[in-house]
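The values are calculated or read from the model by the stated rules, or taken from the named source; none is laboratory data. These figures come from a predicted structure and were not determined experimentally. Counting neighbours? That spans all protein chains shown, and the Cβs are built from the backbone with ideal geometry, glycine included. With ligands, DNA and RNA removed, areas are computed over all heavy atoms of the protein, side chains included. Shrake-Rupley method; radii C 1.70, N 1.55, O 1.52, S 1.80 Å.
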Amino acid sequence: MPKTNRFRRSFLSLGALALAVLLAGTFWLHKGWRAVDVTLEDLAGDPAALRGFTLNGRINWNFSHDSLHFSLHDGYLDTELVFDDEDAPFLYRPIVSTVQTYAIATAERADAVRSAAETPPNITSTPTLQTVVTRLDRMYTLSVIFPGQENRIVRFSAGEYTPEEPVMLESQANDYELDYRYDFDWNNPDTAARDSWPDSIVDARPFVLDGVPVVCWERDYLGKAPGLYRVNGLTEAEIAALPRDGTRGGEEILRGSTEFGTLDPFYCPEDAEEALVGAAMADGSSLLLYLDGDNTVWADLVDGSGNRTDHQQVTSLPAADSYGAEVKVRTTDRDAVVSLYGMDLSPSGTEDRTSRLAAFRAQDGRFTIVHCQDQDPANPAAEAVLNAEGNALLLGWYHDAPLPAADTGAQPEDGILLEVRPLTGGVRYRGLLRTGIDRDWGNLYDAYSQQRKDRYLTFDPLEGGALT
């Protein structure tokens with residue numbers, strides 16, 4: 001047989017094989033991934049009750065940058081497998097980070113720096129500078145972090161602190177100048193010093209108003225009343241460009257007691273005893289939920305100039321040691337569903353919890369819906385959204401899979417149990433949005449795998465990371 005024919009047949013065979021592989025890959029991309037798809041199982045009631053609701057999210061896999069997006073809207077479930085999803089495997093959310101530090105009191109700094117001594121390095125540590133002081137400046141650093149954006153940072157004084165005994169401060173060799181340990185810091189404060197700070201003073205979830213981050217300052221502290229504050233913070237590059245105002249071991253540095261950026265009050269109601277949570281709403285409005293001195297929860301709508309445009313009573317909570325609120329993930333900025341709770345600790349250490357679910361809709365600076373209902377404090381809804389008509393809630397709870405606990409000790413979750421509840425009461429529909437974790441059950445029990453592909457569900461937030 002001529003070599004030319006043998007070559008031609010081999011070439012055609014390779015071409016056919018390549019075409020078959022391409023067609024198989026194309027088929028899987030279009031149809032095969034459905035084997036790992038999200039499914040909706042009707043359990044009870046009328047599926048038509050899902051009309052008017054929208055709930056978006058994704059299935060993620062550990063150690064994988066692919067995600068399975070889903071959208072449950074008007075009773076229909078649309079899904080899409082996204083390869084190299086930039087938000088996978090974790091869907092980052094805007095967050096407020098706070099750090100409480102202790103710097104050398106300004107009046108003692110010159111003497112403390114002069115008497116600082118270097119500790120020799122050993123096998124497990126790097127050399128550090130140490131000094132002893134009798135007075136400290138408490139510093140509060142607040143960072144607002146939005147995905148894909150530069151952090152905005154504010155640092156201000158929380159007052160001077162005088163320990164009972166002189167304390168040793170350390171400064172570690174660190175290339176990152178914004179690290180709080182770069183200047184002299186009290187790395188191991190005593191109990192009295194730790195107790196001098198409140199447990200929480202700012203809600204962890206910021207939002208954006210006209211391109212500026214806004215945070216909810218919870219209580220009257222450091223001369224700041226409870227309410228909403230604009231964060232006019234500096235980026236890390238801007239902080240690094242600030243003039244050096246101190247020394248450490250002969251090096252010019254930015255002192256740990258230097259203040260920068262500002263928290264500017266935007267809206268602080270006079271009768272607020274505690275601010276619970278804030279959120280951006282439609283038409284440039286902002287929502288603030290707060291408690292007054294009688295434990296009544298109020299909802300205020302505020303325009304872009306900080307003027308109140310609507311004021312509605314939501315509910316009353318029993319006296320408690322602590323209160324909190326969480327805005328559920330939203331699909332539209334005209335709505336907000338908020339979980340409210342109060343927690344009271346008895347002398348025996350047991351917890352007495354109260355939990356409510358409040359729903360709001362805003363239009364043209366006014367509330368068109370203000371609704372509040374009790375919820376089980378031991379099993380609050382993980383997610384809740386209003387329907388388009390504004391007469392029912394779609395509630396979701398994480399659902400345990402009928403599988404043994406994994407090697408981590410955690411019970412696997414196979415989806416979200418859904419219920420449609422009219423605002424007037426009752427349940428119209430129950431269903432299960434299945435993630436399909438049972439298809440990956442083998443990975444749950446492999447304690448030694450470095451590439452475990454546990455699947456888990458996250459909801460897509462309306463609030464993004466964009467700051468203009």
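Less than 5 angstrom separates the built amide H of THR315 from those of VAL297, all sequence-distant by 5 or more or on a different chain. Using a probe of 1.4 Å on the protein chains alone, the accessible area found for MET343 is around 40 Å². Zone of ASP74 (label point 7 Å along Cα→Cβ, backbone N under 16 Å): which residues in segment 355-391? Those under the cut-off are 387-390.
Among the chymotrypsin sites (Phe, Trp or Tyr not before Pro) in segment 153-197, those placed in a DSSP loop whose Cβ has at most 15 other Cβ atoms within 10 Å are TYR176. 3J(HN,Hα) along segment 200-205, derived from phi through the Karplus expression 6.51 cos²θ - 1.76 cosθ + 1.60 where θ = phi - 60°, amounts to 8, 9, 9, 5, 6, 10 Hz, with x in place of Gly and Pro. Restricting segment 104-168 to GluC sites (Glu not before Pro) that sit in a DSSP loop and have at most 15 other Cβ atoms within 10 Å of their own Cβ leaves GLU150, GLU164. Can you tell me the dipole magnitude for segment 115-215 around its Cα centre, using point charges on the Cβ only (Lys, Arg +1; Asp, Glu -1), in Debye to the nearest 20? Once rounded to the nearest 20, the dipole reads 220 debye. The radius of gyration of the Cα set in segment 212-271, together with its Dmax, comes out at 15.5, 51 angstrom.
For MET281, nonlocal amide neighbours, meaning residues 5 or more places apart or on other chains whose placed amide H falls under 5 Å from its own, are SER286, LEU287.
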